[in-house]
Amino acid sequence: MARGIVVTSLVDAVVEDLRTLVVTGTLAPGTPLTELDVATRYDVARASARAAIERLTAEKVLVRNNHKTARVVELGPDDVRDIYRTRTYLESEVLRRLADERRVPESARQANAEIAALWARGSYAVVEPDMRFHTSLIDALGSTRTSAMYHSLAFEVKLCMAQLQGRQRLSPEIIVAEHARLLDLIAAGDADGAARMLDEHLARARELLAESLGGEAGPQAIVPSSAIPV
């Protein structure tokens, strides 16, 4: 009997496109997604659609309880706080290591320059370069395992940021200023200062997003940025 084989590259393409649709909000939180939906949307076999849904469920892009229809993940205030605190723990230690060596990746400067250019045009669509800024710092450590751990959070972080972007709660002006300050502190070898700046930077986003998703914002949401002179 011939064995059914799912073409991995096709499944990869479907998975990547569905991720993009979720991050951009084209597939809103809570949207149901069946094998038939996916097979029809991409004109693929049900086996390929099933494999894509299983991948996305494993990655927590989709959720499925008790074998029911998979749905686009819905993040709440507690989810956001857990994601951002985990992110802070990991990024903080990496920034300390980079500051010890005064190592500033050029890719981080380039990503921040892109955010500044977008803001100059009045755009809040900074999720991709913002994530590239932070990821480039993690990757600069040169640890494949640390990068893998961080990248495992990447989708959930992007989803959080996309939800904030849609509400225009985070100012790209503040993002650019705080990113620049982080790089200056790393270049100066100020590990403690870089860690404090990161905590301020991520805590503001964390609390603004938690509030946007129905929670009560902590005091960090309204603290003026220390990277912008009064």
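The values are calculated or read from the model by the stated rules, or taken from the named source; none is laboratory data. Since the model is a prediction, treat every value here as computed from it, not as a measurement. Neighbour counts are summed over all protein chains in view; Cβ atoms, including those assigned to glycine, are modelled from backbone coordinates with ideal geometry.
For the stretch 80-94, which residues satisfy the criterion of being more than 18 Å from G193 (Cα to Cα), in contact with a helix residue (DSSP H, G or I) (Cβ under 7 Å, 6 or more places away or on another chain) and of a type in the set (D, E, K, R)? R81 - this is the single residue of the stretch 80-94 that is more than 18 Å from G193 (Cα to Cα), in contact with a helix residue (DSSP H, G or I) (Cβ under 7 Å, 6 or more places away or on another chain) and of a type in the set (D, E, K, R).
For the structure I just gave you, tell me whether T31 is at pLDDT below 95 and exposed (fewer than 14 other Cβ atoms within 10 Å of the Cβ). Full working, then the answer.
Working: at pLDDT below 95: yes; exposed (fewer than 14 other Cβ atoms within 10 Å of the Cβ): no.
Against the criterion (at pLDDT below 95 and exposed (fewer than 14 other Cβ atoms within 10 Å of the Cβ)), T31 does not qualify.
Taken together, the residues in the stretch 64-77 that are without any contact (Cβ under 8 Å) to a residue 60 or more places away in the chain and within 27 Å of A221 (Cβ to Cβ) amount to 2. Within the stretch 111-141, if we keep just the residues that are surrounded by fewer than 16 Cβ atoms within 10 Å (Cβ to Cβ) and at pLDDT 95 or above, the residue that is nearest to V94 (Cα to Cα) turns out to be A113. Inspect the stretch 48-58 for any residue being among the polar types (S, T, N, Q) and either under 24 Å from M131 (Cβ atoms) or without any contact (Cβ under 8 Å) to a residue 24 or more places away in the chain (or both) and give the result as yes or no. Checked the stretch 48-58: at least one residue is among the polar types (S, T, N, Q) and either under 24 Å from M131 (Cβ atoms) or without any contact (Cβ under 8 Å) to a residue 24 or more places away in the chain (or both).
Checked against the criterion of being on the phi > 0 side of the Ramachandran plot and surrounded by fewer than 19 Cβ atoms within 10 Å (Cβ to Cβ), the stretch 44-55 contains not a single residue that satisfies it. Residues E200, E211: which one is surrounded by 15 or more Cβ atoms within 10 Å (Cβ to Cβ) and either within 22 Å of W119 (Cβ to Cβ) or not assigned by TED's automatic domain parsing to the domain that holds E106 (or both)? The unique qualifying residue is E200. The set of residues in the stretch 12-63 that are closer than 24 Å to S152 by Cβ, of a type in the set (S, T, Y) and not in a helix (DSSP H, G or I) comprises T24, T26, T31.
Kindly list, by first and then second residue, each pair from a residue in the stretch 175-203 that is under 14 Å from D130 (Cβ atoms) to a residue that is surrounded by 20 or more Cβ atoms within 10 Å (Cβ to Cβ) and of a type in the set (D, E), limited to pairs with Cβ atoms under 7 Å and residues at least 6 apart or on different chains. Correct list of pairs: I175/D130; L198/E91; H201/E178.
In the condition set (1) hydroxyl-bearing (S, T, Y); (2) without any contact (Cβ under 8 Å) to a residue 24 or more places away in the chain; (3) touching a helix residue (DSSP H, G or I) at 6+ places or on another chain (Cβ under 6 Å), Y42 is compliant with all but (2). From the list R109, R97, R121, the lone residue that is more than 20 Å from R145 (Cα to Cα), basic (K, R) and either touching a residue at least 12 places away in the same chain (Cβ under 8 Å) or outside the structural domain of A191 (by TED's automatic domain parsing) (or both) is R109.
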